[in-house]
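Read the structure below first, then the notes.
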Amino acid sequence: MNSKQITQLLKSVQDGGVAVEDAVAQLKDLDYTDLGHSRIDNHRELRTRCPEVIFCEGKTVQQVYDIIKHMLGRGCNVLGTRATEEMFEAARGLSDKMEYNRIARTISVKTHDVESPETTIAIVCAGTSDLPVSEEAAITAEFLGNKVERVFDVGVAGIHRLYGSLDVIRSARVVVVVAGMEGALPSVVGGLVDKPVIAVPTSVGYGACFNGISALLGMLTSCASGITVVNIDNGFGAGYAASMINML
């Protein structure tokens, strides 16, 4: 349940439309539900404005199906990350609103609208190879109710491409910058904007990039101020953090 649903339930009790016993029955499983293989945090949306997000990697198709079915049964919006098409095909019959993004590898279902601020989040990525992580960040931010502007393939090897989109980037309230290889793009963007920059290192690159560690270290040691860094390939974490800032 979210705060809106609980408010409606309490008003119904107050008005006599719902018996106290029935309200207690609805609230009985408010904290969590044990599915055997997973314990679903039913209380999370009430605490944080966002329901529990399903990290699908490592889970079986049946486990993902069970979790989505339970969450939809409680009227939750659903987001699954690192999901396979097999997981989507197994679950798609649960809702005609279910969508699968093949680039981001996300499953999403919007059962109800959420608060949407007027300000935007800009998702900037260095190269087309970074798109899976960039799209995961964008889908996450949109799922949480944000307007997103995508600025893709503007890496430092052709920095002139970035200048053509500076007006879009500067108009955003938060900027997520995704880059692999040496991870230089966040430093450049950080020196050009007066907004928070969330840097996302990706595992894209040749051997000496050490599967994203070189980009991670480059971003952590950036000389540009106002940059924070999330984990390697963590587009979800960047999109979520950007949403929290944009919702303030």
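The values are calculated or read from the model by the stated rules, or taken from the named source; none is laboratory data. Here the structure is a predicted model, which means the values were calculated and not measured. Cβ: placed from backbone, ideal geometry, glycine included. Neighbour counts: every protein chain shown.
Some values worked out for this structure:
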read-out	value
Residues (part of a helix (DSSP H, G or I) and not small (G, A, S)) located in the range 197-222	C209, F210, N211, I213, L216, L217, M219, L220
Any chance H70 is part of a helix (DSSP H, G or I), over 23 Å from E136 (Cα atoms) and either assigned by TED's automatic domain parsing to the domain that holds K97 or among the polar types (S, T, N, Q) (or both)	yes
Test set (1) closer than 19 Å to F236 by Cβ; (2) surrounded by fewer than 17 Cβ atoms within 10 Å (Cβ to Cβ) - G145 fails condition number	(2)
Whichever residue in the range 85-98 is surrounded by fewer than 16 Cβ atoms within 10 Å (Cβ to Cβ) and touching a Lys or Arg at 6+ places or on another chain (Cβ under 9 Å) and, among such residues, is farthest from N42 (Cα to Cα)	E85
Residue within the range 42-61 that is in contact (Cβ under 8 Å) with a residue 12 or more places away in the chain and small (G, A, S) present	no
Criterion: over 21 Å from the mean Cα position of the chain (by Cα) and either closer than 15 Å to G127 by Cα or buried (at least 18 other Cβ atoms within 10 Å of the Cβ) (or both) - qualifying residue of V174, V193, V178, V197	V193
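Residues are listed down the side, and each one gets a yes or a no for (1) among the β-branched types (V, I, T); (2) part of a strand (DSSP E or B); (3) buried (at least 18 other Cβ atoms within 10 Å of the Cβ):
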| site | (1), (2), (3) |
| --- | --- |
| G80 | no, yes, yes |
| Y100 | no, yes, yes |
| I107 | yes, yes, yes |
| H112 | no, no, no |
| E135 | no, no, yes |
| T140 | yes, no, yes |
| R150 | no, yes, no |
| R170 | no, no, no |
